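Working notes for the structure below.
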Amino acid sequence: MTNPEKIRSAQFVDSYYPLVDGVILAVHNYAELMNKKSYSCVVCPRYYQPFDDSSLSYEVFRTGSVRLPITEYALPTPKLDSKIKTRLKNRYPDIFHVHSPFTEGTFASAYAKKLEIPCVATFHSKYYDDVINITGSKTLAKIVTAKIVRFYHTVDSVWTVSDGAAEVLHSYGYRGDITVVKNGTTYTMPKDPEALRKKAAETFMVPTEKKILLYVGQQRWHKNLKLVLDTFKLLCERDSDYRLLMIGDGYDAKAIRQYADSLHFPEGTVRFLGRINDRSLLSGMYLLSDLFFFPSMYDTSGLVVREAASLGVPTLLTAGSTASEAIVKDVSGFTADENKVAMFREIMRIFSTPGLLEKVGEGARKEIATTWEEIVPTVMENYAQVIEKYKFDHRT
């Protein structure tokens, strides 16, 4: 029987540091924690932006890539990299784990077959929506998602990060079995939260006596950021004590700021703080906030929701969104319909109900804040099951 703690794995992803998003953080935590037990590496594209891979506790193999115009991403070209196969083979992997169905993923699926090892693939994102947002073409989106479905049929085990994500993948046409493995968080409540809160407030000059709403994530329209700004406009018209902090960057950042300017918010009420790479400082920003505002209909899990929860900050999400599936309203979070009036009314209710924020924040911390240290052993147990099944199916 395969020992889960001895499994050697390779994680494949189509984008990686210096970029940061939920998938990248998931891959990083997989590799970092598995590498402490046995061995895990990350295979990802080379970027035009510098990043010191030696700062990570595991090996990173950068494959060739082509810079994509306009976007911050690069197109991996692992099939053209003559060294990557040898490097991987020399690490004696037991299993490959793919976190994107594109070029790194298709390479991993094909090479795993040559090495006679299983390949797992996690469905992280709503790729149909991605193609629509980038190209505006439903026809192209259907072609791409059909190709993605074919890819998932080539691997030995398909995982998703939520039940809702599994439903999305099935809606694309995938007909196989799916294992749900949820995301975790690196954050836990610190021993001295006040020190982190104070440092963050001083660094960004945040008036902590105000009612603070926080958004953390990529600056993209499909994250429902127009709804965030429109809702906050109604709040400002009702109560001048509200503040909105926007953390993150992305290819729509300029247009989003321009839209915010067009709403003529009172000076200092809406602040775009860009990407915060210092995780300690980012935790302080969560801690000094009253409510995390994340109405995205796009996200399949919402790792940032778990980050906020781990620090006792409740989240307001869109009712019926995939990211809200773990939420019990007024117990571990809040939900409202996807329109600015409903969101505005819910925020007013939350802040006007004594003790509600504190109670639900504590509920979120207890109910949905699972750490990666708790998640990864389950992942390795699943790996062991996949490996055993693979051996059984391919016995001679």
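Over the stretch 99-211, what is the relative contact order in percent, taking alpha-carbon pairs closer than 8 angstrom and at least six residues apart? Can you show the working numbers first?
Values: 110 pairs, mean separation 25.1, N = 113.
Here the relative contact order equals 22 percent.
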**Q.** Reported label for calculated Rg and Dmax of the Cα atoms in Å given (1) 21.5, 73; (2) 21.1, 64; (3) 21.5, 78
**A.** (1)
Q | Positive-end residue of 173, 383, 153, charge dipole of the chain with Cβ unit charges | A | 153
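Quick one: of the DSSP bridges fully inside the chain, what percent are antiparallel, nearest 5?
The antiparallel fraction comes to roughly 5 percent.
Take the alpha carbon gyration tensor of the stretch 176-335, find the square roots of its eigenvalues, order them as a ≥ b ≥ c, and report rounded if a/c is under 1.5; if not, report prolate when a/b exceeds b/c, else oblate. The partial results should precede the final answer.
Values: a/c = 1.58, a/b = 1.17, b/c = 1.35.
Oblate.
Once you charge only the Cβ atoms, +1 for Lys and Arg and -1 for Asp and Glu, what is the size of the charge dipole of the chain about its Cα centre, to the nearest 20 debye?
Details: 50 positive and 47 negative charges, 221 e Å.
About 1060 debye.
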(Q) Quick check: net charge around residue 8, other residues with Cβ under 14 Å of its Cβ, Lys/Arg +1 and Asp/Glu -1? (A) +3
(Q) Positive end of the dipole of the stretch 193-367, charges at C-beta (+1 Lys, Arg; -1 Asp, Glu), about the Cα centre: which of 280, 347, 357 has its Cα farthest in that direction? (A) 280
Q.
Cut-off 10 angstrom, C-alpha nodes, Gaussian network model of the chain. Which of 82, 310, 280 fluctuates the most?
A. 82
Q) Taking amide H positions as placed 1.01 Å from N in the peptide plane, with prolines and chain starts having none, which residues 5 or more places from residue 74, or on another chain, fall under 5 Å of its amide H? A) 68
Q: Arrange the following residues from fewest to most other Cβ atoms within 10 Å of their Cβ: 53, 177.
A: 177, 53
Q) Hey, in the GNM for the chain with a 10 angstrom Cα cutoff, which one of 275, 238, 62 fluctuates hardest? A) 238
Q. Taking the Cα centre of the stretch 193-367 as the origin, how large is its charge dipole in debye, to the nearest 20, when only Lys and Arg (+1) and Asp and Glu (-1) carry charge on their Cβ atoms?
A. 200 debye
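What number, in percent, do you get for the relative contact order of the chain if the mean sequence gap of Cα pairs under 8 Å and at least 6 apart is divided by its residue count? Let's see the in-between values first.
Values: 731 pairs, mean separation 61.7, N = 396.
Relative CO of the chain lands at 16 percent.
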Q. Under a 5 Å amide H to amide H cut-off, with H placed in plane at 1.01 Å, what residues pair with residue 43 once short-range neighbours are removed?
A. 11, 12, 13, 61
Q. Treating the beta-carbon of each Lys and Arg as +1 and of each Asp and Glu as -1, no other charges, what is the dipole magnitude of the stretch 177-286 about its Cα centre, to the nearest 20 debye?
A. 160 debye
Q.
Once each part is reduced to its C-alpha centroid, what is the distance from the stretch 235-290 to the stretch 120-158 in angstrom?
A. 32 Å
**Q.** Taking the stretch 193-367 and dividing mean pair separation by its residue count, relative contact order in percent (alpha carbons under 8 Å, at least six apart)
**A.** 24 percent
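Since every read-out is calculated from the coordinates, none of them should be taken as a lab result. Values in this document were obtained by computation on a predicted structure and should not be read as measured data. Heads up, the Cβs are rebuilt from the backbone with ideal geometry, glycines too, and the neighbour counts pull from every protein chain shown.
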